[in-house]
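Novice: Have a look at this one.
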Amino acid sequence: MNRNLIIGMFLSLLFVAAALLSFLWTPASTETLNISGRLQAPNWDNWLGTDHFGRDILSMIMVGARTSIAVALVAVGIGMGVGVPLGLAAAANQGGLLDEFISRLNDLIFAFPSLVIAILITAVFGAGAVNAIIAIGIFNIPVFARLSRGAALSVWQREFILAARTAGKSAARISTEHILPNIANLLIVQGTIQFSLGILAEAGLSYVGLGAQPPIPSWGRMLADAQTMVTLAPHVAIIPGMAIVLMVLGLNLLGDGLRDALDPRLKGRRA
Amino acid sequence: MLAYLLRRLIALVLSLAVASVVIFLVVEVAPGDPASYMLGINAQPDTVAALRSELGLDVPKVQRYLTWVGGMLSGDFGTSYTYRTPISEMIADRLWISLPLALLALLLSTLIAFPAGLIAAARRGQGSDVGVMAATQLGVAIPNFWFAMLLVALFAIKLRWFPSGGFPGWDDPLKALKALTLPAIALALPQAAILTRVMRSSLIDIMGEDFMRTARAKGLSRRQALWHHGVRNALIPVLTIIGLQFSFLLAGAIIIEQVFFLPGLGRLVFQSITQRDLIVVESVVMLLVFAVITVNFAVDMAYAIADPRLRRRA
């Protein structure tokens, strides 16, 4: 086990556990307001203090983790679910019309400024978590399509694929039975990276008011609310930001750690 | 080379055409009619209809699309529904903020990334490398709008060195630069982190090459070899990333512009979306996509000229 993997896994699991725990228990309700107890610095009753409505920030962070994780996770799911089959199909059809079409489609989606389009989608179809998922998910598709195409192409050159072909297996069966298991490592590593990018994107969208809508707590929304209170009560702005940083950092370390663990040859060569 | 150029040129035009259709469709299916949005909920139906025909919204979609594309090809981006001014003028105004901001951010991130990447690669595995890599991990994990908030709290509100937002115009260049400094730093942070990593890994790859060993065998010290032969060769991937980052910065500043109330391109798109000024959204997004696609095309071409193998493969 390497250090990155341990720290990364610890941080990621910490937030996942907090999000899961929030379904059963939070230190305080995130829906009851307590104006007289607002903007309190961290203390014994409210470990991370209270926000401008007197809500317990630790509870808000725990429930907010749900939103972040759910949005980013489903967005990765969309990217993998659509992108990987496309990439595998393109590789199986290397040099053919389908391959060309899928590759050009990838280039095209990559050319769109993702943040602007995400904002366009959420603004046009309504702000909310579901549209944020779609907006982020669409831009995960070409990432996975390109990665799985490239990785699959090199697997297609191997002898055991030739053996499978002479055994009469179809390209589709070879792709799912032989190629996919061989590129799964890469996909998992990329998955953690896209997961962390999704957390950042969700925070950005909800910061400009286009992510999950109040009263659903989200980290980006908490930061937007805190913006005018930075000097008055710094903890209101610092804590949700730290939550985002630690979650993203954890996922990135997890990704790096997994890559090293799954393929020791790449150790220390990551870009 | 000519055949390759022609193929890529056709692909370029096709991509642009498809992009324009996609943008037009996304904006067109948007719920909410611009005319009724502008006139408010109490407007008479005939007033709405009159405005619709004035804005050209009553002609068929296909015709509207063709007018839009035809106009852009001749440099006419249309007229804003809300402000009734030519969109090309609005874009030109905003570019005077977005372009310097993107350039400044790029300059900052390059100034940080080059030495940082070089140090990390030259002292691979040592304390300074570990430190630099840890810093880049943090750099990519910090949301830039949060970093921007913290910068404002410290340098604008506490220390009062820089303004907390807004843009005074270029009449006083020093004031203008001051207004762009904090946003540029916020934008540069994640870019610098990414660029440092690219620079480091690119240099590390180069150091394993045969010509580097030849350079050492020739009697150059490690540092001389790195400086004279390594850096130049390592620059290719670094320059690609810089190119990509530039087009990203132009559009990606949208949230940072929001934090600092900077009237740049991103903020223009954002405001137009909320005001249902759809023609502005279409034209600006198309312009951004055009910028990205042509930059990528130019990079591909530069590669093809530098490396003939790429031409044959494509």
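The values are calculated or read from the model by the stated rules, or taken from the named source; none is laboratory data. Keep in mind that what you see is a predicted model, and the values were worked out from it rather than measured. Heads up, the Cβs are rebuilt from the backbone with ideal geometry, glycines too, and the neighbour counts pull from every protein chain shown. Remember, those area values only see protein heavy atoms, side chains included, never the ligands or the DNA or RNA. Shrake-Rupley method; radii C 1.70, N 1.55, O 1.52, S 1.80 Å.
Novice: Might you check whether a residue that is over 24 Å from the mean Cα position of the chain (by Cα) and free of Cβ contacts under 8 Å to residues at least 24 places away in the same chain occurs anywhere in region A:7-23?
Specialist: From region A:7-23, those over 24 Å from the mean Cα position of the chain (by Cα) are none; that's our starting set.
Scanning region A:7-23 turns up no residue that is over 24 Å from the mean Cα position of the chain (by Cα) and free of Cβ contacts under 8 Å to residues at least 24 places away in the same chain.
Novice: Right, another one. Can you tell me how many residues within region A:182-209 are under 22 Å from A:Gly150 (Cα atoms), more than 15 Å from the chain's Cα centre (by Cα) and surrounded by fewer than 21 Cβ atoms within 10 Å (Cβ to Cβ)?
Specialist: Filtering region A:182-209 down to residues under 22 Å from A:Gly150 (Cα atoms) leaves A:182-195, A:197.
If we keep only those that are more than 15 Å from the chain's Cα centre (by Cα) too, we end up with A:182-186.
Next cut, surrounded by fewer than 21 Cβ atoms within 10 Å (Cβ to Cβ) only: A:182, A:184-186.
Total meeting the criteria: 4.
For (1) in contact with a His (Cβ under 7 Å, 6 or more places away or on another chain); (2) open to solvent by 40 Å² or more (accessible area, probe 1.4 Å); (3) facing chain A (nearest Cβ under 9 Å); (4) among the hydrophobic types (A, V, I, L, M, F, W, C), each residue gets a yes or a no:
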position	(1), (2), (3), (4)
B:Arg124	no, yes, yes, no
B:Asp129	no, no, no, no
B:Ala148	no, no, no, yes
B:Val152	no, no, yes, yes
B:Asp172	no, yes, no, no
B:Ala179	no, no, no, yes
B:Thr196	no, no, no, no
B:Arg200	no, no, yes, no
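Novice: Right, something else. With the condition kept exactly as written, say whether any residue in region A:111-132 is open to solvent by 30 Å² or more (accessible area, probe 1.4 Å), aliphatic (A, V, I, L, M) and within 17 Å of B:Ser247 (Cβ to Cβ).
Specialist: Yes; the residues of region A:111-132 include at least one that is open to solvent by 30 Å² or more (accessible area, probe 1.4 Å), aliphatic (A, V, I, L, M) and within 17 Å of B:Ser247 (Cβ to Cβ).
Novice: Within region B:269-281, track down each residue that is more than 10 Å from chain A (Cβ to nearest Cβ) and open to solvent by 10 Å² or more (accessible area, probe 1.4 Å).
Specialist: Keep residues of region B:269-281 that are more than 10 Å from chain A (Cβ to nearest Cβ), which gives B:271, B:275, B:277, B:279-280.
Listed by number, the residues that qualify are B:Gln271, B:Gln275, B:Ile279.
Novice: Given the options B:Pro183, B:Pro190, name the one that is touching a Leu at 6+ places or on another chain (Cβ under 7 Å), open to solvent by less than 40 Å² (accessible area, probe 1.4 Å), within 22 Å of A:Gln227 (Cα to Cα) and not in a loop (DSSP other than H, G, I, E, B).
Specialist: Exactly one of B:Pro183, B:Pro190 is touching a Leu at 6+ places or on another chain (Cβ under 7 Å), open to solvent by less than 40 Å² (accessible area, probe 1.4 Å), within 22 Å of A:Gln227 (Cα to Cα) and not in a loop (DSSP other than H, G, I, E, B), namely B:Pro183.
Novice: Has region A:263-270 got at least one residue that is buried (at least 21 other Cβ atoms within 10 Å of the Cβ), within 11 Å of chain B (Cβ to nearest Cβ) and within 19 Å of A:Ser148 (Cα to Cα)? Let's see the steps before the verdict.
Specialist: Residues of region A:263-270 that are buried (at least 21 other Cβ atoms within 10 Å of the Cβ), as a first pass: none.
No, region A:263-270 has no match at all.
Novice: Give A:Ile216, A:Ile199 a once-over and let me know the one that is in contact with a Ser or Thr (Cβ under 7 Å, 6 or more places away or on another chain) and modelled with pLDDT under 90.
Specialist: Exactly one of A:Ile216, A:Ile199 is in contact with a Ser or Thr (Cβ under 7 Å, 6 or more places away or on another chain) and modelled with pLDDT under 90, namely A:Ile216.
Novice: Of the conditions (1) among the small types (Gly, Ala, Ser); (2) under 26 Å from A:Gly81 (Cβ atoms); (3) in contact (Cβ under 8 Å) with a residue 60 or more places away in the chain, A:Ser170 fails just one. Which one is it?
Specialist: It fails just one condition, (3).
Novice: Now, a different point. Would region B:196-208 turn up any residue that is modelled with pLDDT under 90, in the same structural domain as B:Phe261 (by TED's automatic domain parsing), out of contact with any helix residue (DSSP H, G or I) (no Cβ under 9 Å at 6 or more places or on another chain) and of a type outside the set (Phe, Trp, Tyr)?
Specialist: Yes, there is a match, as at least one residue in region B:196-208 is modelled with pLDDT under 90, in the same structural domain as B:Phe261 (by TED's automatic domain parsing), out of contact with any helix residue (DSSP H, G or I) (no Cβ under 9 Å at 6 or more places or on another chain) and of a type outside the set (Phe, Trp, Tyr).
Novice: From B:Gly166, B:Gly230, B:Gly219, grab the single residue that is more than 20 Å from the chain's Cα centre (by Cα) and without any contact (Cβ under 8 Å) to a residue 12 or more places away in the chain. Step through it out loud before you land on a result.
Specialist: Numbers: B:Gly166 fails: without any contact (Cβ under 8 Å) to a residue 12 or more places away in the chain; B:Gly230 fails: without any contact (Cβ under 8 Å) to a residue 12 or more places away in the chain.
That would be B:Gly219, the only listed residue that is more than 20 Å from the chain's Cα centre (by Cα) and without any contact (Cβ under 8 Å) to a residue 12 or more places away in the chain.
Novice: For the subset of region A:210-254 comprising residues that are more than 7 Å from chain B (Cβ to nearest Cβ), surrounded by fewer than 24 Cβ atoms within 10 Å (Cβ to Cβ) and within 22 Å of the chain's Cα centre (by Cα), which member is nearest to A:Asn4 (Cα to Cα)?
Specialist: A:Leu246
Novice: Just for helices (runs of 4 or more DSSP H) wholly inside region B:1-79: which have at least 3 residues that are within 14 Å of chain A (Cβ to nearest Cβ) and open to solvent by 90 Å² or more (accessible area, probe 1.4 Å)? Working first, answer last.
Specialist: Details: elements: B:2-28, B:34-39, B:45-55, B:61-73.
Helices (runs of 4 or more DSSP H) meeting the threshold: B:2-28.
Novice: Something else: Can you tell me which of B:Arg223, B:Arg160 is of a type in the set (Lys, Arg), farther than 30 Å from A:Leu232 by Cα and either at pLDDT 90 or above or in a helix (DSSP H, G or I) (or both)?
Specialist: Numbers: B:Arg160 fails: farther than 30 Å from A:Leu232 by Cα.
When all the criteria are applied, what remains is B:Arg223.
Novice: Out of A:Ile141, A:Ile161, A:Ile133, A:Ile102, report the one residue that is at negative phi, away from chain B (no Cβ under 11 Å), touching a His at 6+ places or on another chain (Cβ under 8 Å) and part of a helix (DSSP H, G or I).
Specialist: Numbers: A:Ile141 fails: touching a His at 6+ places or on another chain (Cβ under 8 Å); A:Ile133 fails: touching a His at 6+ places or on another chain (Cβ under 8 Å); A:Ile102 fails: touching a His at 6+ places or on another chain (Cβ under 8 Å).
Testing whether each residue is at negative phi, away from chain B (no Cβ under 11 Å), touching a His at 6+ places or on another chain (Cβ under 8 Å) and part of a helix (DSSP H, G or I) leaves just A:Ile161.
Novice: Can you tell me which residues in region A:1-30 are in contact with a Lys or Arg (Cβ under 8 Å, 6 or more places away or on another chain) and open to solvent by 90 Å² or more (accessible area, probe 1.4 Å)?
Specialist: Matches in region A:1-30: A:Phe23 only.
Novice: Facing chain A (nearest Cβ under 10 Å), open to solvent by 70 Å² or more (accessible area, probe 1.4 Å) and in contact (Cβ under 8 Å) with a residue 40 or more places away in the chain: does that describe B:Leu244? Show your work before the answer.
Specialist: On the way: facing chain A (nearest Cβ under 10 Å): yes; open to solvent by 70 Å² or more (accessible area, probe 1.4 Å): yes; in contact (Cβ under 8 Å) with a residue 40 or more places away in the chain: yes.
The answer is yes for B:Leu244.
Novice: Looking only at region A:111-130, count every residue that is within 16 Å of B:Phe24 (Cβ to Cβ) and part of a helix (DSSP H, G or I) and tell me the total.
Specialist: 6
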